[in-house]
1. Just one of G52, G37 is modelled with pLDDT under 95, under 14 Å from T125 (Cα atoms) and small (G, A, S); which is it?
2. Mind checking which residues of segment 114-155 are over 12 Å from Y76 (Cα atoms) and small (G, A, S)?
3. Of the residues in segment 50-80, how many are part of a loop (DSSP other than H, G, I, E, B) and surrounded by 18 or more Cβ atoms within 10 Å (Cβ to Cβ)?
4. State which residue pairs qualify: first residue among the small types (G, A, S) and inside segment 138-154, second residue surrounded by 20 or more Cβ atoms within 10 Å (Cβ to Cβ) and assigned to a strand (DSSP E or B) in any location, beta carbons under 6 Å apart, and separation of 6 or more residues or different chains.
5. Identify all residues within segment 132-170 that are under 17 Å from L62 (Cα atoms), assigned to a strand (DSSP E or B) and under 17 Å from the mean Cα position of the chain (by Cα); write none if there are none.
6. Filter segment 111-129 for residues that are out of contact with any Phe, Trp or Tyr (no Cβ under 9 Å at 6 or more places or on another chain) and either without any contact (Cβ under 8 Å) to a residue 60 or more places away in the chain or closer than 27 Å to G52 by Cβ (or both) and give the result.
7. Quick one: which of G178, G201 is in contact with a Leu (Cβ under 9 Å, 6 or more places away or on another chain), at pLDDT below 95, small (G, A, S) and under 16 Å from K59 (Cα atoms)?
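The values are calculated or read from the model by the stated rules, or taken from the named source; none is laboratory data. Just so you know, these numbers come straight off a predicted model, no measurement behind them. Backbone-built Cβ (ideal geometry, glycine too); neighbour counts: all protein chains shown.
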Amino acid sequence: MKNTVGFLSAAVVALGASVAAHANTLYDNAININLNGDCSFSTTCAATFGRGDEYAAQKFTLTSAEVVTSASFSEYDVGTTPTDANWGFLLADGTGGLPGTILASGTDTISSSTSLGSISGYNVTQNFFSVGSVLLGPGTYYFALQAISPTIYTYLGQGFDTTGAAETNNGGVTWAAGYENSGNGVQLGGVAVALYGADVGGGGVPEPATWTLMLLGVGGVGAAMRRRSAKAAVAA
């Protein structure tokens, strides 16, 4: 049984509108439907293939302070989409610029899904979920993701930006560059995620009191990534 999917020579069928309306898109690595996907970030896939407690992450940079309120990821499936998402925001201060300090994390229900079309018998779906209100200042971060899914067949797609991906197989204790696609030997360089919210900084750096609120009110720096559960979180 394969745990990867590749569409390098496939034709896209019935490609629909790509993104639901959002007030402010802060970051969007839109899925390139003609490229590969891997299911390792999905709980059932990871368990089936012995991938451990795996999260995929994508690096992004903000030029001003932002409040992130929701997120999405785009994937290939066979009709059953994930039910929930474990997520986390981490600083890019780990070894070699990989994920390091955790800023916020949680588990949220997939609130809506948008069809992006179909390809080679797979549905292409963008799944949206809330992350509360996470305040991030200007800087470089990673957004980490793990899908809670009842099926193996949930393949996180590669974005048009094919750089900045990272993964962990032990719940965030250690990280490596890229997102594995071991079935055909191709490693995904970037993954299809997007972040939405409201601009609060106007290009400026938040006041010290604002940083304190961020660090204390959205989950705490240094919290450990937990395993898949209602209390699951991503760790440094």
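1. Details: G52 fails: under 14 Å from T125 (Cα atoms).
Within the list G52, G37, the selection yields G37.
2. S130, G132, S133, G137, G139, A144, A147, S149
3. So the count comes out to 3.
4. Qualifying pairs under 6 Å: A144/Y55; A144/A57; A144/G88; A147/S42; A147/A85; A147/T154; S149/S42.
5. So in segment 132-170, the residues under 17 Å from L62 (Cα atoms) come out as 133-144, 161, 163-165.
Filter again for assigned to a strand (DSSP E or B), leaving 133-136, 139-144, 165.
Matches in segment 132-170: S133, V134, L136, T140, Y141, Y142, F143, A144, A165.
6. Selection gives G121 alone.
7. Working: G201 fails: under 16 Å from K59 (Cα atoms).
Selected residue: G178, the only one of G178, G201 that is in contact with a Leu (Cβ under 9 Å, 6 or more places away or on another chain), at pLDDT below 95, small (G, A, S) and under 16 Å from K59 (Cα atoms).
This table checks each residue for (1) within 14 Å of I31 (Cβ to Cβ); (2) surrounded by 22 or more Cβ atoms within 10 Å (Cβ to Cβ); (3) aliphatic (A, V, I, L, M); (4) touching a helix residue (DSSP H, G or I) at 6+ places or on another chain (Cβ under 7 Å).
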| residue | (1), (2), (3), (4) |
| --- | --- |
| L91 | no, no, yes, no |
| S105 | no, yes, no, no |
| S113 | yes, no, no, no |
| G132 | no, no, no, no |
| T151 | no, no, no, yes |
| V173 | no, no, yes, no |
| A176 | no, no, yes, no |
